[in-house]
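Contents: one structure, followed by commentary.
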Amino acid sequence: MLTRFVSEDNMIRYATGALLATYAGLTSADTIDNSLASLEGLLLGDNIPAVVTPARVEQPRVEVSSTLSVLSGEFIRRSNVQYVEDLLFYVPGFYVGPYWNSYRKVVAYHGTEKDRFRRIQVLVNGRSVYNSAYARVDWASLALSIEDVARVEVNRGPNASSYGSNSFLAVINIITRSPIETLGSDLAFATDDQGNRRMYAQHSGLSGNWSYRVSASRGTVDGYARKGDGDPRNDGHVQTSGNMFFLYEDNKQKVDIDIGAANLAADVEFYEVPGVSYDNTRPVLDRDREHIKVSWEVDQSAQHTLRAQYYYDRSERIEDHDIDVYGMVLNQLFAQDLPANEIYKGHLVSDLDENRHDVEVQSIWTPTSDYRLVNTLSYRQDRVSSKTYFDGDYKEELFRASTNLSYRAFDPLIINGGVMYEHSKLTGDYTSPQLGATYKLTQQSSIRANISQAYRVPDLYDQKAKWSYVFNGIRSIPAYSTGISAEKITSYEVGFYHNIPTLGLSYDISAYREKLTNLSGSNKKYEDAIEDGGLLTPNESYAFTIDGIEAELDWRSAQGTLLRATIAYQDTKTDEEDIIETVAPFVTTLFASIPVSDSISINSRYIYGKEVASYDHEFLSLWLAYRMVQGSNTFTAGLGGNTRLDNNPYIRVNNVTEDKTSVFMFANVSF
């Protein structure tokens, strides 16, 4: 049996030593006497007394039965991360990075696949951005700027009883800031010496009970220049997005309207197929995406709240290769009878249009302080159109009903349970239960246990694909999907959470076992399918077990020092090399932000991943930040550097960085 273990003891000692040395340095910098002198101020900063993700309603984190990570707004802004998905590196068990191209990032939890990660649910203000027609989360096409994010909550583990199928390994809930938090205007700019740059602007206002924010951002990523063998790559992308957010609030109800649009323009890899060449042209991809979401919440009484939500999401994707093709290739793939050595010019195009309508009604009933019942009904329609992947249109409809109960059995014991029933027009019925118990040791600490079950429902591509190359409007010989079974996970977890407000310290430790069955490969190449008689359906499914331990620590001192440390270890028990290669058995991160004066801070981050998709990854960053406040105006600027401490490709053999060190700068003005 093949098992992933952390074998390089010196690297573990290095990472552990770095954590301890940094913590010791921070403790000496902020003495206990100084911390005790300002205890009351610890609770007045970016404090998060409650979380909303596990049961879809606010509850004290100490009473939650599932394993949860929270990235606060203060951490997000001090981390100097430019894209939301990169924040997930600071959540135990995750790794993040590009795969085929710089725009196609893998955001993976506990591994299992690299190419098109399909086993986490991602929400933005309650709106799912998981594409279920061709299952994935396309991070680069989201109309979302990191500056607009208030916090990120991550339910580490299945939570299908609240969010349904595809909430398989984890649920990421991105919550944006209220316009009231961002009143005024902001301009931001960041750049480095490797050709990457990003701009952001926003304006927020208030009129009576209404508030609004209009924001936009544009990011340019140069991408990788060369492959692992030294050949040039065609990589890099530009993503542009804009948002309008309107919020109405009074003492009984709340209405929010979220409108967004984004464009992704990217270079993509050349097709490396004998008989196909590019005559001074480069393949490109263009994707447009837009959404609108309207939600309404009303307190019908002190015990009952009603919520209703509707959203629409649409995306259009075109990938274009301007190529020269020999007749022998067209004869083989397009069943033509052309001169074999004749060259034919044209465009090889792949297209994919997706749209979704989703409507949901939720009831939150709290008859006493010991009971809370959350009931939800929803309907979703997904429609896809593609000449490349489906040779036409398909529609999927999904009906959902769920109930979640929180019951205080007696004073320190809370029982959290729920179940979701789903009916898919395409694939049938699914039921996903969850049961957890939390025992409060004190008002700020608890132990917990949780068991849950979830499914990843086959997407339209798994069930109905008719994949062909489309050259000058003509389809090649198609490859067909024949359908697969739903993937299944059963998860067992225990944990301990402790918050110490007087020290500004909180930490969480968890252990888990995940049993996964019927897992299928994320993709099958067209050429492989043709060789297998035109079948895209994977030849086999996988079953395996993952055992692991994860921990995280957050510290915010009275003097403003901010520290976040995470560590994750997993043992994946399987004989399948394809699965083993997707796993990072050991990942640790450390972030520290230390004020040295009222206006200057030193900041650093360290990331180490053992065999992240087969390659060790070690990263260190250090920067100075300066902040000046003049009345209602604030100016922030920073200068620093990044360095890779390893000499390996990242995630994939062709993701090779020529210059291991880079210098960056950033500036922001608020007025």
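The values are calculated or read from the model by the stated rules, or taken from the named source; none is laboratory data. Values in this document were obtained by computation on a predicted structure and should not be read as measured data. Ideal geometry is used to build each Cβ from the backbone, glycine not excepted, and the neighbour counts take in all protein chains shown. To get the accessible areas, we keep the full protein, side chains included, count just its heavy atoms, and leave off ligands, DNA and RNA. Shrake-Rupley method; radii C 1.70, N 1.55, O 1.52, S 1.80 Å.
Assorted remarks:
- Qualifying residues in region 601-615 (those that are open to solvent by less than 30 Å² (accessible area, probe 1.4 Å) and closer than 15 Å to F586 by Cβ) - the one modelled with the lowest pLDDT: A613
For (1) buried (at least 22 other Cβ atoms within 10 Å of the Cβ); (2) among the hydrophobic types (A, V, I, L, M, F, W, C); (3) modelled with pLDDT of 95 or more, each residue gets a yes or a no:
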{"position": "R78", "(1), (2), (3)": "no, no, yes"}
{"position": "D86", "(1), (2), (3)": "no, no, yes"}
{"position": "T112", "(1), (2), (3)": "yes, no, no"}
{"position": "V122", "(1), (2), (3)": "yes, yes, yes"}
{"position": "A135", "(1), (2), (3)": "no, yes, no"}
{"position": "A143", "(1), (2), (3)": "yes, yes, yes"}
{"position": "A150", "(1), (2), (3)": "no, yes, yes"}
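- Hey, S385 closer than 20 Å to D288 by Cβ and either surrounded by 14 or more Cβ atoms within 10 Å (Cβ to Cβ) or touching an Asp or Glu at 6+ places or on another chain (Cβ under 7 Å) (or both) or not: yes
- Of all residues in region 348-405, those satisfying the criterion of being of a type in the set (G, A, S) and over 30 Å from G473 (Cα atoms) are S363, S369, S378, A401, S402.
- Those residues of region 122-171 which are farther than 30 Å from G236 by Cβ, within 13 Å of the chain's Cα centre (by Cα) and of a type in the set (S, T, Y), in sequence order: S167
- The residue list A190, A201, A216 contains one member that is out of contact with any Ser or Thr (no Cβ under 9 Å at 6 or more places or on another chain) and either at pLDDT 95 or above or of a type in the set (G, A, S) (or both), which is A190.
- If you go through region 173-190 and pick out every residue that is open to solvent by 40 Å² or more (accessible area, probe 1.4 Å) and farther than 24 Å from V137 by Cβ, you end up with 5.
Yes/no matrix, rows are residues, columns are (1) within 25 Å of L519 (Cβ to Cβ); (2) open to solvent by less than 30 Å² (accessible area, probe 1.4 Å); (3) among the charged types (D, E, K, R):
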position: P433; (1), (2), (3): yes, no, no
position: A437; (1), (2), (3): no, no, no
position: T442; (1), (2), (3): no, no, no
position: S445; (1), (2), (3): no, yes, no
position: A454; (1), (2), (3): yes, yes, no
position: D459; (1), (2), (3): yes, yes, yes
position: A465; (1), (2), (3): yes, yes, no
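- Only one of the listed residues (E618, E550) is surrounded by fewer than 22 Cβ atoms within 10 Å (Cβ to Cβ) and among the acidic types (D, E). That residue is E618.
- Checked across region 376-389, the condition of being in contact with a helix residue (DSSP H, G or I) (Cβ under 9 Å, 6 or more places away or on another chain), modelled with pLDDT under 95 and not in a strand (DSSP E or B) holds for at least one residue.
- Single residue of I594, I579 found to be modelled with pLDDT of 95 or more, surrounded by 19 or more Cβ atoms within 10 Å (Cβ to Cβ) and among the hydrophobic types (A, V, I, L, M, F, W, C): I594
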